[in-house]
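Here's the structure we're looking at; comments come further down.
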Amino acid sequence: MPPVLNGLLAGVLLVINTLFWFIPLMTAAVIKLLLPIDRLRRPLSRFVIWCAESWIRGNNAWMALTQPMQWRVERPDNLNPQGWYMVVSNHQSWVDILVLQYALGGRIPFLKFFLKKELIWVPFMGLAWWALDLPFMKRYSKAYLEKHPEKRGQDLETTRRSCEKFRDIPTSVMNFLEGTRFTPAKHEQQQSSYQHLLKPKSGGLAFAMSVMNDRFHSLVDVTIHYPGGIPTFIDFLQGKMTACHVIVKEYPIPEELQSGDYQNDDQYRLQFQQWVQQIWEEKDATLAQLETKDARHDHIDSRS
């Protein structure tokens, strides 16, 4: 099928799948908002997550139909859909979201991510995010806390209260540590010491772990590699993405890092940064190995 027609078909199927599941999700979200008792909201919370997971399965179905590419996913066998995980990944394209859902869907709980509290007012989507129990965090800047020291610790406590339900509900919290999509220009601007990655930002991860205390079983690190080059979302829809290699690793969370004051405790902050940097160095080495394999494969193909 010509790329334009393939992209049109994939786009139409994506829209149909999204609208199909968005309608019952939003209906349940409105009912959940109107119910006054948390105990009555819980069945609706499960239904909303089921809608989101069904949307992911629908996406996987149209991807299999319209994307003529090779998937290679390596992951541990002991991942638990009833567990608690912190998930991190490198970030190169909006396609990463669909890749993560494909690689982890059904193997760990539905991926959730921390949102700024102000985003709850985004029309429709804010309500949907709230219904999915995505945690909204309220954070004060260092400058603000210097002027208002009485507010110190309130941002963490506010977010912790919003995450209390995760103590009883299996949860996966997603964090792109680079904070933005990788590009050569950003890499050069940062003067990153990593060959294939931007510098990781540890603060958000430490904040999430402080909020959840010791609830996370482990950290799941996802490395996404596109052998044919980083695709745009349009490239993906048009079937121009020929292959995707995903490597999932699981790391234990050191006991001394499961909770701490990243902002004010210099020793804790240094230990946490060193732990993240070690994971990032291993990820960078993995991407270098995958790139070398691609180069060898291309050389063999050209000779044959």
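The values are calculated or read from the model by the stated rules, or taken from the named source; none is laboratory data. Quantities reported herein were computed from a predicted structural model and do not represent experimental measurements. Cβ atoms come from the backbone with ideal geometry, glycine included; neighbour counts cover every protein chain shown.
Determine, yes or no, whether residue 65 is at pLDDT below 95, farther than 18 Å from residue 238 by Cβ and either in contact with a helix residue (DSSP H, G or I) (Cβ under 8 Å, 6 or more places away or on another chain) or not in a helix (DSSP H, G or I) (or both). Here the answer is no, as residue 65 does not meet what is asked. Could you tell me whether the stretch 175-187 includes any residue that is at pLDDT 75 or above and on the phi > 0 side of the Ramachandran plot? Yes, that holds for at least one residue. The number of residues in the stretch 1-22 being under 24 Å from the mean Cα position of the chain (by Cα) and free of Cβ contacts under 8 Å to residues at least 24 places away in the same chain comes to 3.
Within the stretch 223-271, if we keep just the residues that are among the charged types (D, E, K, R) and assigned to a strand (DSSP E or B), the residue that is nearest to residue 13 (Cα to Cα) turns out to be 249. Screening 127, 79, 119, 134 for residues that are within 30 Å of residue 186 (Cα to Cα) and crowded, with 18+ Cβ neighbours inside 10 Å leaves exactly one candidate, 134. Of all residues in the stretch 258-304, those being polar (S, T, N, Q), surrounded by fewer than 17 Cβ atoms within 10 Å (Cβ to Cβ) and at pLDDT below 85 number 5. What do you reckon, is residue 182 assigned to a loop (DSSP other than H, G, I, E, B) and within 20 Å of the chain's Cα centre (by Cα)? Yes, satisfied.
If you go through the stretch 185-222 and pick out every residue that is part of a strand (DSSP E or B) and within 21 Å of residue 270 (Cβ to Cβ), you end up with 2. Within the stretch 26-45, not a single residue is without any contact (Cβ under 8 Å) to a residue 60 or more places away in the chain and either in contact with a Cys (Cβ under 9 Å, 6 or more places away or on another chain) or under 30 Å from residue 68 (Cα atoms) (or both).
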